[in-house]
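Worksheet: one structure, shown below.
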Amino acid sequence: MTTLVSWKSMPDVHNGLDQLLQSAWNAPVVEWSPRADIFETESELKLEFDLPGVAQSDLELVAEKGVLSLRGERKAPANMDQYLRVERAYGPFSRKFNLPESVDADRITAQLNQGVLVLTLPKREESKPRQIQIQA
């Protein structure tokens, strides 16, 4: 499970492991996990997943008990036996993220557009910074 933290504090394990396995066996990794970019503004967190070739009907998104779960499947082409080389991963995948208390899970939205899934996680009003007027 992934905690929503700054990318600078996490090593890029995915790319290194993928490259190691692919160079050792010259084959794609069977288990796969879609890459995600996460960024924050004053009012929300956004998660963007690369999911080319994944249909909306093959995705499931659930927020429950402080955990955001994304599950899905990229289906292999019917003519896969004709391929000479396969570098893209196919099959089921899942990602889980611990939600910070500042996120309002009831207002999370998701949009799939041109193979990119964008999740918008609004922050609770009480967690947003506010300007305090100083009285004279």
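Annotations for the structure displayed:
- Summarising the amide proton neighbourhood of Val103: residues at separation of 5 or more, or on other chains, whose placed amide H is nearer than 5 Å comprise Arg124.
- Cβ-defined net charge surrounding Val116, 12 Å radius [Lys, Arg +1; Asp, Glu -1]: -1
- Summed residue charge, Cβ within 13 Å of Asp58's Cβ, Lys/Arg positive, Asp/Glu negative: +1
- Placing dummy labels 7 Å off each Cα toward the beta-carbon, the span from Thr120 to Ala76 is 3.8 nm.
- Set of aspartates and glutamates with alpha-carbon distance to Lys123 below 13 Å, sequence-local pairs under 8 removed: Glu40, Glu42, Glu44, Glu101, Asp104, Asp106
- Ranked list, fewest to most other Cβ atoms within 10 Å of each Cβ, for Phe93, Phe49: Phe93, Phe49
- In order along region 48-58, phi translates into HN-Hα couplings of 10, 10, 7, 9, x, x, 9, 7, 4, 5, 9 Hz, rounded to whole numbers, per the Karplus curve 6.51 cos²θ - 1.76 cosθ + 1.60 with θ = phi - 60° and x for Gly and Pro.
- Estimated FRET transfer efficiency when R0 is 30 angstrom, pair Tyr90-Glu40 (beta carbons, to 0.05): 0.40
Readers should treat all values here as calculations from the given coordinates under stated rules, not as data from a laboratory. Worth saying up front: this structure is predicted, and the values here are computed from it rather than measured. FYI the Cβ positions are ideal-geometry reconstructions off the backbone, even for glycines, and counts take in every protein chain you see.
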